[in-house]
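In what follows, a single structure is set out as structure tokens and then discussed.
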């Protein structure tokens, strides 16, 4: 494992995080960058080897994390409201390896109270590695947080 | 955020990780401990605030990571073979807060080539916060990794 | 295929259906019977061979139908309100064959606006054949139907 | 309910079914027609009111059935082999009403042993009503049926 790169990512995250959308600590630690266009969000990030599973590629749980982040941020950016994930399903179609990755999120259906979203994670060759769909509750100011 | 605790967790992980089941870097960083009994695995871990989402509780992607780890390790420990997650679904029934959490994984059905598993994540009050089910391909030595 | 039994099931359904919970046409055609106890619903039904897939056992879509019916009726019976399925996931762990089947539904978490449920389908030997989880929106009188 | 139309659909199915792909009894009863192009399958079908839920539109379990049929037939037509559904997730984004419907299935990833598919169900206005993803095991002649 590249421990120097890991420590640099960690210390950079400690210096730059804020507990907000896009800048919360794990987003900074994993090096996520956010690019919105119309109602699509693309997150790009470097593949650090401290994200690996015991087999030697990006842990599926890390992929699930990024997919969840992408869908949640697209909802927040589009609706100007936070959302709560009710459920998410991820399908692992190929191992994620290489140097960088790209996650693209879209709405399946944008409702007022409930939203359905999808996101896909691609490696640096443009190959699909993980596909996700999810269901969200849109939080209105008065809403309690729990579903 | 408790930056001292975060840095301690990070440095401890750097000192103790090995790229293997149970001891890979993110497992160490998140402080996961593994307890097997019969065909059940319980993972206990402390709730560090560097795992939080912008709203101030454990990020759903972190929960998904731990649930995935729990099911994968139970499969590995029981079958003496690694598995590949084909898919996982998580349902978020309540925010995960508090000081510690506990994740319990079981088999739905243990097949030779395909396994179905489930796992649940509880807070320190014993309340269910996230429920997951998943489908796994059992890797045999000759198998290619990708499904 | 037992065409006499199929026609009898069809004509019986035509005579007895009402467009209501428990008695709607497909519920009658498939011969579903409903047994509530506490917050659990068990549906029993005969395995007609007109429900078969081309391979010769109960079609997975029929199993999904019964699991959906079970969870929706349990919600309705418990909350005294109809619900809309936001999503459902089914896992097919074994083919459903034999003469009768039994589907058992429970709450994972019973919320006011959102409910999480699970259901399992067993054959006449008590073997698990299909497992499902789902997320529901509780319809209040004023609610529009669509999510 | 249009009982004359229901009985006609039933008697037509009894006369024309064969226990094979495309022509099995429920496929005939529901009036499914199959149109393959490249690696896409579109199933068209009339919306009979005997398919309705107690609320008065197509039962979600019927939609799940058609989505499952579409993905299974696309796999069979493309790979010249039958498949077993390991799991399927359906998201219900709007009620299915109207006179006809159309279900479109595609591969997410076509593997040798495992396939990932998706399908979407549209009403006669072209509106998306249900979206599904699934995971399949490809059955080779020697394979046992159960996963």
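Brief remarks on what is shown
- Closest approach of a chain B Cβ to the axis relating B and C (residue, whole Å): B:89, 2.
- Across B:97, B:112, B:137, mean-square fluctuation computed from a Gaussian network of chain B (C-alpha pairs under 10 Å connected) peaks at B:112.
- Residue A:33-residue A:55 FRET efficiency (beta carbon distance; Förster radius 25 Å; 0.05 resolution): 0.40
- Plainly put, the tip 7 Å out from Cα toward Cβ on residue A:126 is 2.8, 5.6, 5.7 nm from that tip on each other copy, the closest given first.
- Using the empirical formula 2.2 N^0.38 Å as the baseline, the Cα radius of gyration of the protein assembly as shown reaches a ratio of 0.95.
- Other-copy label distances relative to residue D:81, 7 angstrom Cα-Cβ extension, nm: 1.7, 4.7, 4.8
- Mean residue ellipticity (222 nm) of the protein assembly as shown, computed from DSSP H runs ≥ 4 via -39,500 (n - 2.57), nearest 500: -8500 deg cm²/dmol
- On the principal axes of its alpha-carbon atoms, the range D:3-138 has extents of 46, 35, 25 Å, going from largest to smallest.
- Cα-based helix-to-principal-axis angle, A:60-79 vs chain A, degrees rounded to 10: 40 degrees
- Inter-centroid distance (Cα atoms) of the range D:73-107 relative to the range C:102-136, Å: 22 Å
- In terms of its C-alpha gyration tensor, the range A:1-64 has an oblate overall shape, because the principal axis ratio a/c (a ≥ b ≥ c, square roots of the eigenvalues) is not below 1.5 and a/b does not outweigh b/c.
- With each label modelled as a point 7 angstrom along the Cα→C-beta vector, the residue B:23-residue D:20 pair spans 6.0 nm.
- Distances from residue A:140 to itself in the other copies, using label points 7 Å out along the Cα-Cβ axis, amount to 0.9, 5.7, 5.7 nm in increasing order.
- The angle separating the long axis of helix C:3-16 from the principal Cα axis of greatest extent in chain C is about 40 degrees.
- Legend: calculated FRET efficiency, residue D:2 to residue A:4, from the Cβ-Cβ distance at R0 = 51 Å, rounded to 0.05, equals 0.10.
Coordinate-derived values only; no laboratory data. Given the structure is predicted, the values throughout are model-derived calculations rather than measurements. As a convention, Cβ positions derive from the backbone with ideal geometry for all residues, glycine included, and neighbour counts pool all protein chains shown.
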